[in-house]
Every structure is written in structure tokens, then in C-alpha cells.
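For reference, the structure discussed in these notes is given below.
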Amino acid sequence: MARYTGAVCRQCRREGKKLFLKGERCYSDKCAIARRAYAPGQHGQGRKKSSEYGLQLRAKQMTKRYYGVLESQFRKYYGLAEKKEGKTGEALLAILESRLDNTVYRMGWASSHAEARQLVTHGHFTINGKRVDIPSYLTKPGEVIAICENSRSSEKFKAVMEANASRPVPKYLEVAQGAFEGKVVAFAQRDEIDLDVDETLIVELYSK
């Protein structure tokens, strides 16, 4: 499974905003954006004027980095979004939100998307009672996501759930605080997705 293996804090610095890729570290004084709020590299502190293409590319790159997907998979999701009714950009974000690893993260069972992806890969979750270890699995309304019985006593899960107790759960998901299972109620709506990106720029980029 291909994935980015470099320093994730560089990704936040490149985008100039927090993407919350390191869990609790992102909320502390150790956050890279708080310490060095400029792009990485020799010319990171130089002032650049972005072109139209540059803005479109940055929107795409930021979205890919936030959800932890690479270009080929992102392009596949865009193709699915084009076939849906409504705005393509919003449909794209809804598809990305429906990934199992993102659903696990949104339910408060992981501190970051990367941690959620690892937990899913290790087989800690079930969907409608069946174990699923594919992070890219697209969840659907009505499906019940649960932590496996033999994982519920893990100190790791207890610590993560306690740390994330104050994190709000999106309206399209249903999960009680401290619960070991939750339900996908609906597809995510744009106002329920907290990613600060102009998705229309992505559509413009792929429409060229």
C-alpha cells in the first residue's frame, strides 16, 4: 500500500496551515506551524505570488495531504464524484470523508488520520459485524462501525478515547462518548466538513 513516508509536519508548513496530521502534537507548542510558520526549504521564507494554477494545485495538494491519499487514488475519487448529482467538489469531499480510516478518526477512536489508517490495517474494526482492514473502504449510511471485542480492553484505545472526548463528532455520524460502536447516519454535507479548502479550485484544475 503506497503512502507518504516523509516528515508530515513539513506538509503543514508547505500549506501554511494546520492539517492536524500529528494528533495531540498539533494542539501543543511543539506544532511546526506555531514554531515556523513558513514553507520548508531554502527559499521557504521568500514571498511568492501564486498563479491561478498554483492556487488550484495547492488546494488539491492540501486535500490529498489532509486525507492521506496519493494522486492515483485521489483521481479515482474525483472520477466517482463527477458521476454524482450536485456539485463535484462537494461530492469529492463527501467521498473522502466516507473512507473508513477517516470515519474512525471522526468517531474519536484515533488521534490522527495516520493513526486511524494503521489501526484499520491491523484489523481493530468491524462493519456490520464483519472485520474490515481496508482503510480506503467507503462507508455507507446505515453501516455500524465497531471496535473489535478483543481490542476494547486495550489501554491504547482507552487513552485515545479519553483524550478525544471533547472533540465533536460530525452530524453525519452517530456515536456516544466512550462507546465502542457508532453508526454512519448519512453522507457528509459540506458544512459538516471542517477542511478549510476551496474545493472548486480542485474541480477547475481537473477540468482543464
Open item on the list: Ordering 207, 151 by accessible area with a probe of 1.4 Å, largest first, what comes out?
Closed with: 207, 151
Task: Whole-Å distance, taken between Cα centres, linking the range 155-195 and the range 61-99 - done: 21
Task: Virtual spin-label span in nm between residue 152 and residue 207, 7 Å along Cα→Cβ - done: 4.9
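Does the range 94-170 come out rounded, prolate or oblate, given a ≥ b ≥ c as the square roots of the eigenvalues of its C-alpha gyration tensor, rounded meaning a/c under 1.5 and, failing that, prolate meaning a/b above b/c?
On the way: a/c = 1.57, a/b = 1.17, b/c = 1.34.
The shape class here is oblate.
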Open item on the list: Keeping all protein chains in the complex and leaving out DNA, RNA and ligands, what accessible area do you get for residue 200 with a 1.4 Å probe, in Å² to the nearest 10?
Closed with: 70
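I need the shape label for the range 127-173. Rule: rounded when a/c is under 1.5, else prolate if a/b > b/c, else oblate, with a, b, c from the alpha carbon gyration tensor.
Details: a/c = 2.21, a/b = 1.20, b/c = 1.84.
Because a/c hits 1.5 or more and a/b fails to exceed b/c, the range 127-173 counts as oblate.
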Task: Accessible-area order (highest first, 1.4 angstrom probe) of the listed residues 126, 103 - done: 126, 103
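Beyond 25 Å between alpha-carbons counts as too far, so tell me which of 76/140; 83/140; 140/208; 76/208 fall in that bin.
On the way: 76/140 18 Å; 83/140 17 Å; 140/208 31 Å; 76/208 17 Å.
As for pairs spanning more than 25 Å Cα to Cα, those are 140/208.
The values are calculated or read from the model by the stated rules, or taken from the named source; none is laboratory data. This is a predicted model, so every value here is computed, not measured. For neighbour counting, all protein chains shown are included, and Cβ atoms are generated from backbone atoms with ideal geometry for every residue, glycine included. Heads up: the accessible areas ignore ligands, DNA and RNA and are worked out on the full protein's heavy atoms, side chains in. Shrake-Rupley method; radii C 1.70, N 1.55, O 1.52, S 1.80 Å.
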